Each structure stands twice: as C-alpha cells, then as structure tokens.
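The values are calculated or read from the model by the stated rules, or taken from the named source; none is laboratory data. This structure is a prediction, so every number in the text was calculated from the model and none was measured. Positions of Cβ are generated from backbone atoms using ideal geometry, with glycine treated the same way; all protein chains shown enter the neighbour counts.
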Amino acid sequence: MVKRNATNAAGCVVVGLVLWAGGHAEAASTVPFLHEFDDGEGISLNGVRGWSTTGDGSATISNEQARLQDITLSNAFTPAENAVTISFDLQPVFSESAGLPPGSRFGFFVNTNGLVTAYDGGAKTNLTHTPLSESTNAAFQVRVDYPLQSWSLWVNGVKVATDLALSSTGPDSLFEELGFIEGSTNAFSYVDNVSVQRATTASTSLLPFRERFDSLADGDLNGQRDWVSSNAVVQSAVVYSGSKAGSITSRTGWIEHTFVDGQTNVWTDVRIRPLRGPAPLPPPGSTFAFYVNGDGRVVAYDGATRTVLSNTSVGAGSWVRFSTYSDYANTNWDLYVNGGLVAEDLQFYDQTATAFTAYGITGADSNTAAYVDNIYVGTRPAVSDGWLLLVR
C-alpha cells in the first residue's frame with residue numbers, strides 16, 4: 001500500500017460581503033448544519049452555534065438574521081467533507097472589488113452593478129444573471145466538489161456558474177471552514193438560513209469504487225477513470241461479465257488507482273484470470289499481496305514470508321474471485337478465494353502503513369496476458385460477484 005499525506009483546506013465566499021470556504025479554524029460544527037439565527041434579538045454571534053468573529057465591527061442577530069458590519073464571521077467543521085452544498089439567503093452590500101483570504105478555496109462577491117463576480121481559480125469572473133438589489137434578500141447555493149477541484153453557483157434558483165476551479169488547492173483538500181467577510185464601515189449585510197449539507201462527488205478517488213471496464217474506451221488503460229498503468233489495455237475479447245475487461249499484457253505491466261479518503265478498514269474484490277508462475281516481489285509500501293504459483297496454489301504474503309495455501313487450487317485459464325479485508329489498526333489482512341476464507345490475520349507486508357491509498361495489480365508474462373474484471377474497493381464487502389496476481 002502506498003501512503004499519501006492529505007492536505008486539508010476549506011473554502012470561502014466574498015460579498016461586500018464575501019462568502020468563503022477554506023483555512024484551518026478550530027473545529028466546532030458538523031455537517032449537516034442549519035442556522036436560522038433565531039437565538040435571540042441583539043445577541044453577539046461570537047461563540048453561538050460554532051461561529052467566531054474577527055475584526056473591529058459587529059456580528060449580531062437582528063430580526064432573526066445575522067447582521068454584519070466590518071467583520072469576519074466564520075465557522076469550522078469536523079470531520080472535513082469531500083463535497084458539500086452550501087445554501088444561504090443574503091442581503092449584500094455591493095463591492096467594487098473583494099479579495100479572497102489566504103488559503104480560501106472558492107469565493108464570490110456582488111459587484112456595484114448587482115451582478116456576482118466569482119473566483120475561477122485565482123481569476124475574477126463576472127457572471128450573468130438578473131441584477132440583485134442591495135435592499136432585497138437573494139438565495140445563494142454553492143456546490144463544491146473538492147476531489148474534482150471545482151464548484152458551481154446558483155442565484156435565486158438559477159445556475160450562473162458551472163465547474164469553476166477551486167483556488168490554491170490540490171486533490172487532497174477538504175471542506176473545513178465557512179466564512180463571510182463584511183467590509184463595510186457605514187452599512188450592514190444580512191445573512192440568514194445558512195445550510196451546509198453533504199453532497200456526492202463524481203470523483204473516482206473516493207470509496208466505494210467499482211470498475212467494470214464496460215464504459216471505458218478500447219486500448220490503453222492509462223489515464224481512463226484516473227487509472228495509471230503500463231502495458232495494460234481495455235479489450236473485449238476476454239471478459240468475465242459485461243462487454244469489456246482489463247488486460248495486463250507483459251511481465252512488467254501493471255495498473256494502479258489511488259484513493260484520498262484515508263480509509264482504514266477496506267474490502268477489495270476482483271475477478272482475475274491469473275497466470276501461474278514464480279513469486280513476484282511486492283512493490284515498496286504494499287500492505288497485502290498474493291499470487292498463484294506453478295502448481296495452481298495461491299501464495300499469500302504474511303509479512304515478508306510467502307505462505308502457500310494448501311486449501312486452494314486455481315485452474316489454468318480460469319476466472320477466479322479474490323477478495324481481501326485489510327485492518328490498518330492491527331496491520332493484518334484476510335484473503336478469500338471464490339467467496340471462501342482461505343487465510344486470516346496475515347501480517348501486512350509493510351507494517352508502517354496507516355491508511356488505504358492505492359489499489360494495484362501486476363502480472364502476466366512475455367507471451368500470455370492476465371485478465372482483470374469487476375473490481376470493487378469499499379468499506380463493506382462486495383454485495384455481488386465482482387471483485388492479480390499482486391495487489392497493493
């Protein structure tokens with residue numbers, strides 16, 4: 001298993017008032033989150049429902065709304081989320097220009113013409129919609145997908161921006177903080193009905209993950225659905241189910257898919273038409289590894305020790321279902337062949353591994369390909385068939 005370090009971050013929005021998300025504040029709130037600001041007339045929001053304030057101005061409740069002036073109002077969230085939908089009502093003070101705070105992932109403000117200016121990466125982008133009024137509430141919704149490093153914006157139910165780039169981010173960043181920056185010294189902005197909900201991501205870097213190959217293009221696997229590979233193709237001549245499968249075409253061929261959500265109890269499931277041959281060397285950082293020897297017996301790595309499993313027999317040219325369970329707290333793993341447990345509590349090849357970060361397969365020889373189909377990786381056992389010699 002290859003370990004990767006995650007870099008978490010939040011986001012931000014800017015509006016005369018700015019809405020933003022990003023940074024590292026002290027964790028206080030959880031998702032889902034809803035605040036309607038009905039806690040009491042005139043009270044300060046600092047310390048209420050996880051909100052904190054920075055600046056010389058004020059953040060108080062007025063007529064069951066947050067009334068902001070010359071202040072930053074922020075709220076941190078734990079655990080961090082991969083994708084969220086943020087909704088709120090806003091009566092903004094217009095701004096000629098507003099900057100994103102350091103570490104912000106996304107943001108926008110309302111310009112003097114009543115139109116939103118959003119940040120597409122580090123660049124300001126003027127959006128087109130019905131102009132807003134400073135004296136009227138408008139409904140905003142932000143949909144942010146951190147693994148895909150993109151965000152979209154709706155104003156009064158109309159989508160006005162799609163797949164804008166996050167600012168100063170990477171594929172490991174997460175939603176941790178939400179904030180509003182109000183920069184006026186002689187006017188107030190009002191915020192109400194703040195909601196933060198979990199959302200789904202289209203990223204393939206999170207679990208659960210399935211690969212049936214049917215939706216991929218024939219030919220080189222490298223780069224399709226975030227697979228990284230060498231001497232591996234998508235083909236339709238030899239499949240377990242569906243219309244396509246993967247094929248590793250040389251002794252040095254391999255495929256690998258990385259994951260960023262730091263899971264520590266992981267099931268994998270795969271259908272393989274394995275080759276039978278000598279012991280491969282697990283790549284550095286591998287947690288579990290196995291292969292089929294020349295006698296058709298499965299050989300599993302128990303730590304660095306190769307253990308022949310006498311209760312297994314794999315026929316040449318046969319499709320076989322291999323399943324594993326990895327327990328990172330105890331650094332051990334279990335192996336199943338065709339649904340039956342054949343070895344348990346095997347030690348990780350790399351005892352220092354702390355989380356599941358990649359799934360990889362290597363194998364084949366100079367004359368015969370190894371075929372792979374119906375890959376599954378998740379935190380629960382596969383619920384159906386589906387899930388090469390070496391996995392890491």
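Side notes on the structure shown:
- Some residue of region 208-223 being within 30 Å of Glu96 (Cβ to Cβ) and assigned to a strand (DSSP E or B): no
- Scanning region 305-322 for residues that are in contact with a strand residue (DSSP E or B) (Cβ under 9 Å, 6 or more places away or on another chain) and more than 25 Å from Arg212 (Cβ to Cβ) returns Thr305, Arg306, Thr307, Val308, Leu309, Asn311, Thr312, Ser313.
- The one condition in (1) assigned to a loop (DSSP other than H, G, I, E, B); (2) under 16 Å from Pro274 (Cβ atoms) that Val342 fails to fulfil: (1)
- Residue in region 343-350 that is closer than 29 Å to Gly242 by Cβ and either of a type in the set (A, V, I, L, M) or at pLDDT 95 or above (or both) present: no
- Test: Ser203 is of a type outside the set (A, V, I, L, M), surrounded by fewer than 23 Cβ atoms within 10 Å (Cβ to Cβ) and either under 22 Å from Leu68 (Cα atoms) or not assigned by TED's automatic domain parsing to the domain that holds Leu100 (or both): yes
- Here Ser152 fulfils each of the conditions (1) modelled with pLDDT under 95; (2) part of a strand (DSSP E or B) apart from (1).
Yes/no matrix, rows are residues, columns are (1) under 19 Å from Ile255 (Cα atoms); (2) modelled with pLDDT of 90 or more; (3) not acidic (Asp, Glu):
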site: Leu281; (1), (2), (3): yes, no, yes
site: Thr287; (1), (2), (3): yes, yes, yes
site: Phe290; (1), (2), (3): yes, yes, yes
site: Asn293; (1), (2), (3): no, yes, yes
site: Ala300; (1), (2), (3): no, yes, yes
site: Phe322; (1), (2), (3): yes, yes, yes
site: Ala329; (1), (2), (3): no, yes, yes
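- Qualifying positions in region 74-112 - of a type in the set (Ser, Thr, Tyr) and over 16 Å from the mean Cα position of the chain (by Cα): Ser74, Ser87, Ser95, Ser97, Ser104, Thr112
- Search result, residues across region 262-299 that are of a type in the set (Gly, Ala, Ser) and either surrounded by fewer than 22 Cβ atoms within 10 Å (Cβ to Cβ) or outside the structural domain of Tyr240 (by TED's automatic domain parsing) (or both): Gly262, Gly277, Ala279, Gly285, Ser286, Gly294, Gly296
- When we screen Gly103, Gly122, Gly99 for residues that are in the same structural domain as Ser184 (by TED's automatic domain parsing), surrounded by 15 or more Cβ atoms within 10 Å (Cβ to Cβ) and at pLDDT below 90, the only hit is Gly103.
- Check on Asp218, in contact with a Lys or Arg (Cβ under 8 Å, 6 or more places away or on another chain) and either surrounded by 15 or more Cβ atoms within 10 Å (Cβ to Cβ) or of a type in the set (Asp, Glu) (or both): yes
- Cβ pairs under 8 Å, 6+ apart, first in region 236-253 and under 18 Å from Pro282 (Cβ atoms), second among the basic types (Lys, Arg): none
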